[in-house]
Amino acid sequence: MRSIRLAVPLAAILLANGPADSMAQNGPPGITTPTVFAPFDAGAPRCTPPADLQKVLAFAQDNQREFMQGVHHGLALAARKRGLEYRQLLADSDDAKQLEQVRGLAAAKAGGVVASPVNAANLAAGLQQVMWGGGYVSTVVAPPATSLLNAPQYLTGKVLGDAAAAYIKGRLRGKAKVVLLTQDSLEFLTPRFVALRDSLKDIPGVNIVADISPNPVNKDGGFATMRTVLLAHSDIDVVLGADTVVLGALAALRAAGKARPDQFLGGIDGEPEAVAEIKKGGTPYKISISLASPVFGYAMGQHAADWLEGKSIPQAMDILPTALTVANIGQYEADLADPASVYEDGRRRNSYLRMYGNICYDTRDQYVNFPWSSERK
Amino acid sequence: MTISSRSFVQSTTALLFVGFLALLGIVAMTFWLGERSRVYFNDVIEARDARGAAVDLRNAVQSAESSQRGFLYTGNEIYLAPYDTAKTLARRQLETVNRLLASYKGADVSIQRLTALVNDKLAEMDRTIALKRDRRDAEALALFRTNRGKTLMDEANIFFSGLIRAADDRLTTGVGEQQANASLLRWFSIIGGVVIIVVVGGAAITVLRYTRELAATRDEVGLLNAGLEERVRARTVDLAKANEEIQRFVHIVSHDLRAPLVSIVGFTGEVEDNMKSMKALVDRSEAAAGSADPVLDEARVVLARHMPEAIGFIRSSANKMDSLISAIMKLAREGRRALRPERVELEDVVTKSAAAIQHQLSEAGGKIDVQFDIPTLVHDRLALEQIFGNLLDNAVKYRAKQRPLRVEVRAGAIEGDRIRVEVADNGRGIAERDRERVFELFKRSGEQDQPGEGIGLAYVLTVVRNLGGEISMTSVLGEGTTFCVVLPRELRVLLSAAA
């Protein structure tokens, strides 16, 4: 299966987040102030289709991480489906190279560009060139974009937190010692952990014995942090955080002989190792929250084709978190392998994607040029 | 089902033993639980102190951190007012935590780590505050933005919560143990109490049943006794009447027998007188005839020899019969004689009896030794004199002629407020075959070289029994005889009982 990792790529993008530099622009700045979009109206009137753009869909990909490879997979399938020429442009984490690649696409009148920016601020100008030229631009998280994709961090954390709360109430009789492994280095992820605390705060028997950010945020950091926690607390019932650090915590529990089948370890990102633990069954690792990148990649490809046909598309889109458990992981993997069938099934599509606002070629000056989030208050 | 005395004692003992065990168990359990409570109480106190120290330490560090942040944000020294105090308190509480948890297994690593974290945190705060005071705001902010202070505090919080949680667990365990102790004590007391109640109840039921059975038995015995006493009284009256009848019969018979006997003796004299007349007649007839007449000669022989001889036999037989009748009448009179209890010194009685036979005793070269160790008796003096007079007389009469007579009279008190008197002689003794009948009336044994009718010992037996006593005899032929008389010390008791 394709693993979907979102935290780190989104973090990298958002570190350089912000509206594109208006001083260098040759076109409209787009919507630069935070705006709440209405739900997407699929029946919105058609627009004029772009006249001189190539039926080309390109993916300016920062690197070949598995998460982005999932996007690539969805885009390729959609392009094939809609008769677009698909190009995968790998930047190898080189922002300048990526900018050049995007500028090249603008110059070539590519009809659609999807980008996972290496450096969002640097890439913004190139993307604006595409948009000003009438092309479809969609980015993973960072503006500017005709259609911006984001992940609802609070909801992601809430899905994990609610699953943990249900487990604590059901299996642990409402009493649990909980370890929250946060990620202080990425401020934008804070809503995840706010959501986790919100889910657990109303259970009187929950005692959050550790609320700490491992350093570094990887498996080793999780291992070291959990080992420290075990010095003070011999028995831990629940561990929540990103998959990588939770996997490290699991290793520490096992090394200390403190791992139990009735523990609840849950992570975010759908890491392959986490998924493997879940698929084993009977291990402490019970759940991983994943974002289905092939599904939203396929949707982006469809939107690009719609754009070139003059149809109205969403201005923004949430990829909804999916809680992977041993019960649903088979269906989830099937969905990732065949995102087309998910997209064409309205009910299943809505379980992965939530769309906001409407934009088309005629209203392309209303592109999103602020760090949008459906959860922004 | 009735309860025997043995089963009553056994069951009561068993119940008391079970009750004792239950009581002992309650006492032992109370002592043990008290000891456990003391241990848990001490543990609870230690846990409370450790928890308090951990909370105070955390509050002190947080107070210092608040001061630091306020100062870093505003540069106003007023925010630092509690800073030094908080640091001092933090260090003191850190020492307290170290001291309280030093003995706890596995706590040393946590304490070391917490100590390092707190010290690092205080140092980090000191550093940022110093930079701010030196107006090196950028450096202070840069240091702050490293999040090291937050990281240290987050990690310290793990140990704070660990210490507090561990103390809470110990408090919970201690309280739970105390509750368990109380519950255990309550249940043990209830069970022990129930056991004791059951035991006491069982014992009470057993005692009640036994008491009821005793009462029923007592009532039954009372009824039987009442009936028995009534029957004994009736029988005694009957016996007395029968005895009186027998004595009256004996007296009448003896009297009636004596009357013809007197007639026989009288007529024997008449016959003798007639025989003298006949002899004179024969003598005159023979003188008248002048010659020997064979018939007269034969008559003379009869009158001179055969008739006196026959009359002599008749008289001796009559005398013998008279003495026998006298003996019977004597016994009968004794049976009817009213006993008169009085204070009697037995030694006086024996001495008096010995004096009565002093002449015969002297002739026999005899000697009587007396050994008395008895209190004064309340008895019928005459009866006692008859008993011991007869026994001493017998000793003299039936002495062994080949050796001087030695008689020992020994007397002592025995149980039942009775006395035992032994009269032992070194006389001729009694053959084994005769021993059983020496107390029978008109029976004599051994060589009949002494006058007597064989009524002495029978008379003694009668008198002894009249006094409520017993007489027995042991004898070795040729060596001597010992008579043993057992009598009540007070005849009055016997008489009142008989009445």
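FYI, it's all coordinate maths here, none of it is from the lab. Nothing here was measured: the structure is a model prediction, and the numbers come from that model. Neighbour counts run over all protein chains shown; Cβ positions are idealised from the backbone, glycine included.
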- Query: Can you list, bin by bin at 20 Å, the percent of alpha carbon pairs in the protein assembly as shown, starting at 0?
  - Reply: 11, 21, 15, 8, 6, 8, 10, 10, 7, 3, 1, 0
- Counting residues in the range B:339-498 as N, plug N into 2.2 N^0.38 Å and put the Cα Rg over that result. 1.01
- Note on the structure: Under 5 Å from the placed amide H of B:Val344, counting only residues 5+ away or on other chains, we find B:Leu377, B:Val378, B:His379
- Determine which lysines satisfy two conditions relative to A:Lys81: a Cα distance under 26 Å, and not lying fewer than 8 residues away in the same chain. A:Lys55, A:Lys109, A:Lys311
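Roughly speaking, what is the stretch gain from B:Arg437 to B:Leu477, that is 0.36 nm per residue apart minus the C-alpha to C-alpha distance, in nm to one decimal?
Going from the current span to full extension adds 12.9 nm.
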- Could you put B:Phe17, A:Phe188 in order, starting from the residue whose Cβ has the fewest other Cβ atoms within 10 Å? B:Phe17, A:Phe188
- With unit charges on the beta carbon (Lys/Arg positive, Asp/Glu negative), name the residue among A:Gly266, A:Ala292, A:Gly281 whose Cα is farthest towards the positive pole of the charge dipole of the range A:253-299. A:Gly281
- Message: Please give the Cα centre distance for the range A:317-341 versus the range B:220-240, rounded to the nearest Å.
- Response: 116 Å
- Once amide hydrogens are built 1.01 Å from N within the peptide plane, the residues lying 5 or more places from B:Phe372 or on another chain with amide H under 5 Å from its amide H are B:Ala411
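How large is the dipole of the range B:64-126 about the Cα centre if only Lys and Arg carry +1 and Asp and Glu carry -1, each at its Cβ, rounded to the nearest 20 debye? Walk me through the numbers before you get to the answer.
Values: 8 positive and 8 negative charges, 61 e Å.
Once rounded to the nearest 20, the dipole reads 300 debye.
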- Message: Between the range A:239-281 and the range B:164-200, what is the separation of their alpha carbon centroids in Å?
- Response: 42 Å
- Item | Label-zone membership for the range A:267-294, site A:Arg171, 7 angstrom Cα→C-beta point, backbone N under 19 Å | A:267-271, A:273-290
- Task: Only residues of the range B:308-323 count here: report those whose backbone N is under 15 Å from the spot 7 Å along Cα→Cβ of B:Met278, or say none.
- Result: B:308-314
- Only helical DSSP H runs with n ≥ 4 go in: add -39500 (n - 2.57) per run for chain B, normalise by residue count and round the 222 nm mean residue ellipticity to 500 deg cm²/dmol. -26000 deg cm²/dmol
- In whole Hz, what ³J(HN,Hα) sequence does the range B:367-377 give by Karplus (6.51, -1.76, 1.60; θ = phi - 60°), x for Gly and Pro? 8, 10, 9, 10, 9, 10, 9, 9, x, 5, 9
- Note on the structure: Taking the alpha-carbon centre of each part, the distance from the range B:332-387 to the range B:451-477 in Å is 14 Å
- Message: If the only charges are +1 at each Lys and Arg Cβ and -1 at each Asp and Glu Cβ, what is the size of the charge dipole of the protein assembly as shown around the Cα centre, to the nearest 20 debye?
- Response: 1580 debye
- Query: Quick one: Karplus J couplings for the range B:202-213, per residue in order, coefficients 6.51, -1.76, 1.60, θ = phi - 60°, nearest Hz, x for Gly and Pro?
  - Reply: x, 5, 5, 4, 4, 5, 4, 4, 5, 5, 4, 5
- Message: Between B:Glu270 and B:His251, what is 0.36 nm times their sequence separation minus the Cα-Cα distance? Round to one decimal in nm.
- Response: 4.0 nm
- Which three semi-axes in whole Å describe the equivalent ellipsoid of the range A:263-372, each the square root of 5 times a Cα gyration tensor eigenvalue, listed largest first? 33, 15, 9
- Report the FRET efficiency, 1/(1 + (r/R0)^6), for B:Arg136 and A:Asp92, where r is their Cβ-Cβ distance and R0 is 41 Å, rounded to 0.05. 0.50
- Leading residue at positive end of dipole, chain B (Cβ point charges), from B:Ser254, B:Leu239, B:Gly52: B:Gly52
- Message: Taking a cut-off of 22 Å, what percent of all Cα-Cα pairs in the range B:256-335 are separated by more than that?
- Response: 44 percent
- Note on the structure: Kirkwood calc, the range B:409-499, C-alpha pairs only, radius in angstrom 14.4 Å
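Could you work out Rg/(2.2 N^0.38 Å) for the range A:153-290, with Rg from alpha carbons only? Walk me through the numbers on the way to the answer.
Numbers: Rg = 13.1 Å, N = 138, 2.2 N^0.38 = 14.3 Å.
Dividing the Cα Rg of the range A:153-290 by 2.2 N^0.38 Å gives 0.91.
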- Task: Would you mind checking A:Lys258/B:Lys121; A:Lys158/A:Lys219; B:Lys367/B:Lys443 for any pair whose Cα atoms are more than 26 angstrom apart?
- Result: A:Lys258/B:Lys121; B:Lys367/B:Lys443
- Message: Using the basic label-point model (7 angstrom from Cα toward the beta carbon), what is the A:Asn218 to B:Ala216 distance in nanometres?
- Response: 9.9 nm
- With R₀ set to 41 angstrom, the calculated FRET efficiency between the beta-carbons of B:Lys320 and B:Glu342, to the nearest 0.05, is 0.60
- Item | Pairwise label distance in nanometres, A:Ala327 with B:Ser183, each label 7 Å out on the Cα-Cβ vector | 3.5 nm
- Task: Let me know the charge dipole size of the range B:131-231 about its Cα centre in debye, to the nearest 20, where only the beta-carbon of Lys, Arg (+1) and Asp, Glu (-1) is charged.
- Result: 980 debye
- Note on the structure: So the FRET efficiency between B:Gln360 and B:Glu453, C-beta based with R0 = 25 Å and rounded to 0.05, is 0.85
- Task: Using DSSP to define loop residues, name the GluC sites (Glu not before Pro) in the range B:357-430 whose beta-carbon has at most 13 other beta-carbon atoms within 10 Å.
- Result: B:Glu415
- Message: From the phi angles alone, apply the Karplus equation (6.51, -1.76, 1.60; θ = phi - 60°) to the range B:188-201 and give each ³J(HN,Hα) in whole Hz, x where the residue is Gly or Pro.
- Response: 5, 5, 4, 5, x, x, 4, 4, 5, 4, 4, 4, 4, x
